[in-house]
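Trainee: First, the structure itself, so that you have it in front of you.
The values are calculated or read from the model by the stated rules, or taken from the named source; none is laboratory data. Computed from a prediction, not measured in an experiment: that's the story for all the values here. Heads up, the Cβs are rebuilt from the backbone with ideal geometry, glycines too, and the neighbour counts pull from every protein chain shown.
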Amino acid sequence: MISPLAYIDPGSGFAVWQAITAAALGSIYYLRRWFVRFRKKRNSNDPNA
Amino acid sequence: MISTLSFRDPDGAVTCFGDRVIRRVAAQRAFDLRELLQLRSVQGMISARRLINSRELALREEEDLEPRARAIFDSFGAGGLLLEHDRVWFPSYPAEWPAEMLYAAGHLTIDLAEAILEEGYGLKDATPHNVLFRGPNPVFIDILSFDRRAPADATWLPYAQFMRMFVLPLLLHREFGAKTGELLAVRTHGVEPEEVYARCSRAQRLLPRFLGSVTIPTWLAKHCSRQPAKQKANGGQVDQEKARFILAAHLRGLRRTLQKVEPRSDLGKSIWSSYSSTSSYSAAELEQKLQCVGRWLKDCNAKTVLDLGCNSGSFSAIAAELGAQVVAVDADPVVVGRLWRQASREKLDILPLVVNIASPTPRTGWRNSECPSFLDRATGRFDTVMMLALIHHLLITERIPLAELFDLAADLTTENLIIEYIDPADPLFQALLRGRDALHATFGTELFETTCQKRFTILQKQPVKGSLRTLYLLQKK
């Protein structure tokens, strides 16, 4: 397993930037998941589907 | 001969025994590595020759290794495994690559990271030193860079290293004409975003290609603690599916970032990039030369060729088309980059490198012994060496004595030397002299032939009609 402890270089802006973009991508992930579930639910409720 | 090729990773070391490359893997990594090598994606990369082939040595093969080898491996303790890798015929290092080859190595790294992501593995580092080239094709060699990743970890650990060692040098090349080889020769950890930030104008810092790679990381770094921060690499614990989603998106984003700094084929004119159109040869003279060299390469059955001062690589291409493995070197990264593009496109077995033969790549690394010098690697590796339209530059500009040139050639070749004599009356010779005629007053055919015959036998000579140049085919004594 890749070591869970890693020294981040002092002042490593890349590490912080990656964390910020990861948070943004995480939001996109949840949004996409919610949208897929919403569409499934709508299709199952639609008698004409 | 035994040489240790890598030793920094506590999980293993690579040692070269003659022509064999053997990696000792410590016990704690053996199981995962065995599993990794069975993965379909990894097998696919090996079949495509993008990942180095690895064969586990059986116990009886281990016992057959000579005692010195076993002593090195036993220092890693009991257990573990021994892997034998295919030998890459001519290793080269990022300091010798043109920007195009660094770009290709970067893409290979991303390809591998994406291929193993779904299998639960990741790369723990992303340095160009993980890549060698077979001809023009990159191959990833450091299988210990692969490791199981924590399923819930959304962080790509080597992100900063990838940016420093691939993206930022390529960005400097594309925007400021920097030579990536020179950058990586002295900056073993790559280029920091702060360095690029300092070179940019205020307007440039806000451009998209600088914003995410340079400006924002630099701004953020100023706000990070000055104390060394010990932080969990899996600080971003999320569910597994989300982690995969984020990592995959990061890798796609990195690929797009890398594509934005692709070296442009139209970029860069250099002193030598238009040599083929500005040299003193006419088309007919060049054709004569091509025919003669081609005939000699065929007659000598050249299998391993070193082309010194290759420029456009026309003669390297002839050698490759005749089935030789070719290493082509030139001091000009623009022409070497172009030759790499041609070799890739036409699938020629040419490894083009940026090397100034008057001051070739030295030994570098820990105790000056991690990366052997160009001459260490090249000596005695080639059955044929070509020095075409080169010696007058070494004689006049670099002021290397003629005897030294032949000594070098004799060290590099095991059999043949194809060399071009340029008469002092040649216009380019005169242009280089620039008033230093007295230094080369004695240079002429007689001195050339007398000097070469101390190390070589003249097999054939062919004047290039209409010019003041003569081609020589020499055999090492």
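Trainee: Considering only residues that are away from every other protein chain (no Cβ under 14 Å), in contact with a helix residue (DSSP H, G or I) (Cβ under 9 Å, 6 or more places away or on another chain) and of a type outside the set (A, V, I, L, M), which ones fall in segment B:152-187?
Mentor: Of everything in segment B:152-187, those that are away from every other protein chain (no Cβ under 14 Å), in contact with a helix residue (DSSP H, G or I) (Cβ under 9 Å, 6 or more places away or on another chain) and of a type outside the set (A, V, I, L, M) turn out to be B:169, B:173, B:174, B:175, B:176, B:179, B:180, B:181, B:182, B:187.
Trainee: Is it the case that segment B:390-400 has a residue that's among the basic types (Lys, Arg), farther than 20 Å from residue B:422 by Cβ and outside the structural domain of residue B:129 (by TED's automatic domain parsing)?
Mentor: Going through segment B:390-400, the residues among the basic types (Lys, Arg) turn out to be B:399.
Next, from what is left, pick out any that are farther than 20 Å from residue B:422 by Cβ: none.
Within segment B:390-400, none of the residues are among the basic types (Lys, Arg), farther than 20 Å from residue B:422 by Cβ and outside the structural domain of residue B:129 (by TED's automatic domain parsing).
Trainee: State the number of residues belonging to segment B:406-459 that are over 34 Å from the mean Cα position of the chain (by Cα) and either touching a residue at least 40 places away in the same chain (Cβ under 8 Å) or outside the structural domain of residue B:298 (by TED's automatic domain parsing) (or both).
Mentor: So the answer is 9.
Trainee: Pairs under 9 Å by beta carbon, first residue in contact (Cβ under 8 Å) with a residue 40 or more places away in the chain and under 19 Å from residue B:139 (Cβ atoms) in segment B:34-58, partner assigned to a helix (DSSP H, G or I) and among the acidic types (Asp, Glu), six or more apart or different chains?
Mentor: B:45/B:111; B:50/B:111
Trainee: Scan segment B:11-58 residue by residue and report those that are hydrophobic (A, V, I, L, M, F, W, C) and more than 25 Å from the chain's Cα centre (by Cα).
Mentor: Those that are hydrophobic (A, V, I, L, M, F, W, C) and more than 25 Å from the chain's Cα centre (by Cα): B:25, B:26, B:27, B:30, B:31, B:33, B:36, B:37, B:39, B:57, B:58.
Trainee: Would a scan of segment B:276-297 turn up a residue that is in contact with an Asp or Glu (Cβ under 6 Å, 6 or more places away or on another chain) and either at pLDDT 95 or above or not assigned by TED's automatic domain parsing to the domain that holds residue B:379 (or both)?
Mentor: no
Trainee: Let me confirm something: among B:269, B:242, B:230, which residue is surrounded by fewer than 18 Cβ atoms within 10 Å (Cβ to Cβ), basic (Lys, Arg), in contact with a Phe, Trp or Tyr (Cβ under 9 Å, 6 or more places away or on another chain) and modelled with pLDDT under 95?
Mentor: The unique qualifying residue is B:230.
Trainee: How many residues does segment B:128-151 hold that are in a loop (DSSP other than H, G, I, E, B) and either within 11 Å of another protein chain (Cβ to nearest Cβ) or under 16 Å from residue B:33 (Cβ atoms) (or both)?
Mentor: Selection size over segment B:128-151: 5.
For every residue, the table says whether it meets (1) among the charged types (D, E, K, R); (2) buried (at least 23 other Cβ atoms within 10 Å of the Cβ); (3) touching a residue at least 24 places away in the same chain (Cβ under 8 Å); (4) assigned to a loop (DSSP other than H, G, I, E, B).
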| residue | (1), (2), (3), (4) |
| --- | --- |
| B:102 | no, yes, yes, no |
| B:110 | no, no, yes, no |
| B:113 | no, yes, yes, no |
| B:126 | no, yes, yes, yes |
| B:161 | no, no, yes, no |
| B:173 | no, yes, yes, no |
| B:181 | no, yes, yes, no |
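Trainee: Restricting the search to segment B:443-469, which residues are β-branched (Val, Ile, Thr), more than 11 Å from residue B:402 (Cα to Cα) and either assigned to a loop (DSSP other than H, G, I, E, B) or modelled with pLDDT of 95 or more (or both)?
Mentor: Step one: of segment B:443-469, the residues β-branched (Val, Ile, Thr) are B:445, B:450-451, B:457-458, B:464.
Restricting the remaining residues to those that are more than 11 Å from residue B:402 (Cα to Cα) gives B:445, B:457-458, B:464.
Within segment B:443-469, B:457, B:458, B:464 qualify.
Trainee: Considering only residues of segment B:349-380 that are touching a strand residue (DSSP E or B) at 6+ places or on another chain (Cβ under 7 Å) and on the phi > 0 side of the Ramachandran plot, which is surrounded by the most Cβ atoms within 10 Å (Cβ to Cβ)?
Mentor: The selected residue is B:365.
Trainee: A further question follows. Any chance segment B:59-74 includes a residue that's surrounded by fewer than 23 Cβ atoms within 10 Å (Cβ to Cβ), at pLDDT below 90 and either assigned by TED's automatic domain parsing to the domain that holds residue B:313 or not in a helix (DSSP H, G or I) (or both)? Write out each step before concluding.
Mentor: Here is the first cut: in segment B:59-74, the ones surrounded by fewer than 23 Cβ atoms within 10 Å (Cβ to Cβ) are B:59-74.
Restricting the remaining residues to those that are at pLDDT below 90 gives B:59-74.
Still in the list and also either assigned by TED's automatic domain parsing to the domain that holds residue B:313 or not in a helix (DSSP H, G or I) (or both): B:65-66.
Yes - at least one qualifying residue is present in segment B:59-74.
Trainee: What is the number of the single condition among (1) buried (at least 17 other Cβ atoms within 10 Å of the Cβ); (2) in contact with a Phe, Trp or Tyr (Cβ under 7 Å, 6 or more places away or on another chain) that residue B:405 does not meet?
Mentor: (2)
Trainee: Going through segment A:1-31 one residue at a time, which ones are modelled with pLDDT of 90 or more and either of a type outside the set (A, V, I, L, M, F, W, C) or on the phi > 0 side of the Ramachandran plot (or both)?
Mentor: A:18, A:21, A:26, A:27, A:29, A:30
Trainee: Test residue B:391 against the criterion of being in contact with a strand residue (DSSP E or B) (Cβ under 9 Å, 6 or more places away or on another chain) and within 15 Å of residue B:358 (Cα to Cα), and give yes or no.
Mentor: When the stated conditions are applied, residue B:391 passes them.
Trainee: Criterion first (more than 12 Å from residue B:424 (Cα to Cα) and touching a Cys at 6+ places or on another chain (Cβ under 8 Å)) does residue B:459 satisfy it?
Mentor: Here the answer is no, as residue B:459 does not meet what is asked.
Conditions tested, residue by residue: (1) at pLDDT 95 or above; (2) under 30 Å from residue B:298 (Cα atoms).
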{"residue": "B:347", "(1), (2)": "yes, yes"}
{"residue": "B:352", "(1), (2)": "yes, yes"}
{"residue": "B:391", "(1), (2)": "no, yes"}
{"residue": "B:408", "(1), (2)": "yes, yes"}
{"residue": "B:415", "(1), (2)": "yes, yes"}
{"residue": "B:418", "(1), (2)": "yes, yes"}
{"residue": "B:422", "(1), (2)": "no, yes"}
{"residue": "B:434", "(1), (2)": "no, no"}
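Trainee: Something else: Scan segment B:306-319 for residues that are surrounded by fewer than 24 Cβ atoms within 10 Å (Cβ to Cβ) and closer than 16 Å to residue B:134 by Cα and jot them down.
Mentor: If the condition is that a residue be surrounded by fewer than 24 Cβ atoms within 10 Å (Cβ to Cβ) and closer than 16 Å to residue B:134 by Cα, then B:317 is the only one that fits.
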